[in-house]
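Peer 1: Before anything else, here's the structure in question.
The values are calculated or read from the model by the stated rules, or taken from the named source; none is laboratory data. All of these numbers come straight from a predicted model, not from anything done at the bench. Here the Cβ is made from the backbone with ideal geometry for all residues, glycine too, and neighbour counts use every protein chain on show. Side chains are part of the model used for accessible areas, which takes the heavy atoms of the whole protein and leaves out ligands, DNA and RNA. Shrake-Rupley method; radii C 1.70, N 1.55, O 1.52, S 1.80 Å.
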Amino acid sequence: MSIQTVSTRPFPGQRPGTSGLRKKVAVFQQPHYLENFVQAVFDTLPGHEGQSLVLGGDGRFHNRTAVRTILRMAAANGFARVLVGRGGLLSTPAVSAVIRRRAAFGGLILSASHNPGGPDGDFGIKYNASNGGPAPEKLTEAIYARSLEIAEYRIESEGGDIDFDTLGTRTLGGMSVEVIDPVADYAELMQQLFDFDAMRAWFAAGHRMRFDAMSAVSGPYARAILEGQLGAPAGTVINGEPLEDFGGHHPDPNPAHAAELMAAMSGPDAPDFGAASDGDADRNMILGRDFVVTPSDSLAVLAEHATRVPGYRAGLAGIARSMPTSRAADKVAAALGIPCHETPTGWKFFGNLLDAGQATLCGEESYGTGSSHVREKDGLWAVLFWLDLLAVTGRSVEDLVRAHWARFGRHYYSRHDWEGIPAERADALMAELRAQLPALAGRDCGAGLRIATADDFAYTDPVDGSVSTRQGVRLLFADGSRIVFRLSGTGTEGATLRVYLERYEADAARHGHPVQEALGALVRIADELAGIRRHSGMEAPTVVT
Ligand code: VG1
Ligand code: CO
């Protein structure tokens, strides 16, 4: 074993955002950049010596280089074993599943998730703890603090050519490197949760599905499970080969970026069920024929019917949703007599609730849904959940959602993203908005909309008491409508303002309006109060979902 200690100097700005550290590939390619961050993680984890680490990523450009570096650093930092996905691939939910199943100390996930990849795109890295979930804020802040004072890192000088493309165990500087099948543990977990026979019968009866893997890491998982185990015809999974640049696409499963799938799901010959997932396979989009399911509704529908599925037969302990996610799930929770927790944006805030058994299902408006089976959101899991429901109820996607609205009311919902605003302008917008807050309660905004309360969301974790402030400006209207403003914590260029709009409609006779029309008054109010056009200099949002 020949450990090299390399002198280095801190890089500013290695603070993890909503989900890990994300930067342009060129930033990560700077000498010592990745090494500094990885050493900061290891330095912040007492007791990691002699333990197991899980390692893998979504296969984007720089994934393989980073895997090699991290293997050598893990060896030099005293890990006994690294479990690495074959080819350096592991989806985010699969990392979570492997950590839990094999009782690993933690894991490193290489991904910038839904951000574009390739040499000019983004790269990212995040640490997940022994519960399989994203490092909580306390830990990410400690990692950041450490990155600001780092002076050296340790790396094994050999092992740069270690084979991680074939299954098996080899050694690197006294540490064992176990190359595992990226799909196997995950697929087994899915078999425990869902009724594979019912889903097989659904396909055998001639139902059709299209799953768009967006040339990202979900391809191998979706092929193995949908086509391999459930008998879906070959070609059900499209864009199923993970590519370093995601084929030049934005691997973000929403109606704007999954245009190919949207087109395929329209018309009388369209498949019965359409789905997509993102770069690291933790997001999901659910479509019926000519029908789009919002992620907030998806969470609510899954909760409503959860006991139809084997893994949730015993019922739900609770539901948790991020604050900007619509309150459709709250209605279901109330009907079931279970709590519905409201957390800040980012999956790391669900970890404690899941660990404490206070929540079974979790969801975010950003196409993220998951459960206590792992500690990450899980794209293919959500797709299988829907598929299982289609199979056991014999109903269509649209029918399930419309019946849900009829029973619980419809939450019209949309998110408007204003991307690429210069950071100081976006900060000024938020600062002005925050300054107005004390004066907003009681204001009549016209169109029958009166602001009942206005605040900046703060969250106290009910399990460990930790407090997170400034998590989004909320305008709550007397009729139950909401507007939420927050800045993205995952972008790598300028700032992105996210405006979340929600309006509740109980009357089934009024459930058929186009969404943007139903939210028109709220869109107007959002711009009036926040001066979005004035501050951004833009005329319209860049992405509407
Ligand atoms: C976005 C979403 C958030 C999600 C996060 C990570 O964060 O809004 O709900 O948890 O991405 O998703 P932000 O700070 O940009 O709004 V993933 O699939 O990119 O890891
Ligand atoms: Co993701």
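Peer 1: If you go through the range 45-52 one residue at a time, do you hit one that is assigned to a strand (DSSP E or B), buried (at least 17 other Cβ atoms within 10 Å of the Cβ) and away from ligand 2 (no atom under 16 Å from the Cβ)?
Peer 2: Yes, some residue in the range 45-52 is assigned to a strand (DSSP E or B), buried (at least 17 other Cβ atoms within 10 Å of the Cβ) and away from ligand 2 (no atom under 16 Å from the Cβ).
Peer 1: In the range 7-18, how many residues are in contact with a Phe, Trp or Tyr (Cβ under 7 Å, 6 or more places away or on another chain) and open to solvent by less than 30 Å² (accessible area, probe 1.4 Å)?
Peer 2: 3
Peer 1: Do we find that VAL401 is more than 21 Å from the chain's Cα centre (by Cα) and open to solvent by less than 10 Å² (accessible area, probe 1.4 Å) in this structure?
Peer 2: Answer is yes for this residue.
Peer 1: Would you mind telling me which numbered condition in (1) farther than 25 Å from ASP278 by Cα; (2) not in a helix (DSSP H, G or I) CYS362 fails?
Peer 2: (1)
Peer 1: Kindly evaluate GLY247 against the criterion of being open to solvent by 10 Å² or more (accessible area, probe 1.4 Å) and either of a type in the set (Lys, Arg) or not in a helix (DSSP H, G or I) (or both).
Peer 2: So GLY247 fails the test.
Peer 1: Would you check which residues across the range 7-44 are part of a loop (DSSP other than H, G, I, E, B) and either closer than 16 Å to ALA104 by Cβ or without any contact (Cβ under 8 Å) to a residue 24 or more places away in the chain (or both) and list them?
Peer 2: Within the range 7-44, GLY13, GLN30, PRO31 qualify.
Peer 1: Can you work out which of the residues in the range 332-350 that are more than 23 Å from SER488 (Cβ to Cβ) and touching an Asp or Glu at 6+ places or on another chain (Cβ under 9 Å) is farthest from ligand 2 (Cβ to nearest atom)?
Peer 2: So the residue we want is ALA335.
Peer 1: Now a separate question. Would you mind finding the one in ALA232, ALA222, ALA263 that is over 21 Å from ASP388 (Cβ atoms) and of a type in the set (Gly, Ala, Ser)?
Peer 2: ALA263
Peer 1: Are any residues in the range 66-112 among the polar types (S, T, N, Q), under 22 Å from THR18 (Cα atoms) and not in a loop (DSSP other than H, G, I, E, B), and if so, which ones?
Peer 2: Across the range 66-112, the qualifying residues are THR92, SER96.
Peer 1: Go through the residues of the range 480-488 one by one and say whether even a single one is in contact (Cβ under 8 Å) with a residue 12 or more places away in the chain, within 16 Å of ligand 2 (Cβ to nearest atom) and not hydrophobic (A, V, I, L, M, F, W, C).
Peer 2: yes
Peer 1: All but one of (1) exposed (fewer than 13 other Cβ atoms within 10 Å of the Cβ); (2) hydroxyl-bearing (Ser, Thr, Tyr); (3) within 20 Å of the chain's Cα centre (by Cα) hold for THR166; which doesn't?
Peer 2: Evaluating THR166 over (1) exposed (fewer than 13 other Cβ atoms within 10 Å of the Cβ); (2) hydroxyl-bearing (Ser, Thr, Tyr); (3) within 20 Å of the chain's Cα centre (by Cα) leaves (3) as the failure.
Peer 1: Taking the range 266-300, which residues are within 12 Å of ligand 1 (Cβ to nearest atom) and part of a loop (DSSP other than H, G, I, E, B)?
Peer 2: SER277, ASP278, GLY279, ASP280, ALA281, ASP282, ASN284
Peer 1: Collect the residues in the range 305-330 that are open to solvent by 40 Å² or more (accessible area, probe 1.4 Å) and part of a loop (DSSP other than H, G, I, E, B), keeping them in residue-number order.
Peer 2: ARG313, ALA314, ALA317, ARG327 - these are the residues of the range 305-330 that are open to solvent by 40 Å² or more (accessible area, probe 1.4 Å) and part of a loop (DSSP other than H, G, I, E, B).
Peer 1: Can you tell me which of (1) touching a Gly at 6+ places or on another chain (Cβ under 8 Å); (2) more than 16 Å from ligand 1 (Cβ to nearest atom) is the one PRO233 doesn't meet?
Peer 2: The number of the failed condition is (1).
Peer 1: Scan the range 331-359 for residues that are assigned to a loop (DSSP other than H, G, I, E, B) and open to solvent by 10 Å² or more (accessible area, probe 1.4 Å) and jot them down.
Peer 2: Hits for the range 331-359 are GLY337, ILE338, PRO339, THR345, ALA356, GLY357, GLN358.
Peer 1: Still on this model: Pairs under 8 Å by beta carbon, first residue over 14 Å from ARG486 (Cβ atoms) in the range 418-429, partner basic (Lys, Arg) and surrounded by 16 or more Cβ atoms within 10 Å (Cβ to Cβ), six or more apart or different chains?
Peer 2: Pairs found: none.
Peer 1: For the range 98-123, what are the residues that are more than 16 Å from ligand 1 (Cβ to nearest atom), open to solvent by 10 Å² or more (accessible area, probe 1.4 Å) and under 19 Å from the mean Cα position of the chain (by Cα)?
Peer 2: ARG100
Peer 1: Can you tell me how many residues within the range 76-93 are within 16 Å of ligand 2 (Cβ to nearest atom) and in contact with an Asp or Glu (Cβ under 7 Å, 6 or more places away or on another chain)?
Peer 2: 3
Peer 1: Counting only residues that are within 16 Å of ligand 2 (Cβ to nearest atom), out of contact with any Asp or Glu (no Cβ under 9 Å at 6 or more places or on another chain) and part of a loop (DSSP other than H, G, I, E, B), how many does the range 367-390 have?
Peer 2: 1
Peer 1: Return yes or no: is TYR413 surrounded by fewer than 20 Cβ atoms within 10 Å (Cβ to Cβ) and of a type in the set (Phe, Trp, Tyr)?
Peer 2: Against the criterion (surrounded by fewer than 20 Cβ atoms within 10 Å (Cβ to Cβ) and of a type in the set (Phe, Trp, Tyr)), TYR413 does not qualify.
Peer 1: Of the residues ALA224, ALA201, ALA234, ALA263, which is touching a helix residue (DSSP H, G or I) at 6+ places or on another chain (Cβ under 8 Å), open to solvent by 30 Å² or more (accessible area, probe 1.4 Å), farther than 17 Å from LEU380 by Cβ and in a helix (DSSP H, G or I)?
Peer 2: ALA201 is the lone residue from the list that is touching a helix residue (DSSP H, G or I) at 6+ places or on another chain (Cβ under 8 Å), open to solvent by 30 Å² or more (accessible area, probe 1.4 Å), farther than 17 Å from LEU380 by Cβ and in a helix (DSSP H, G or I).
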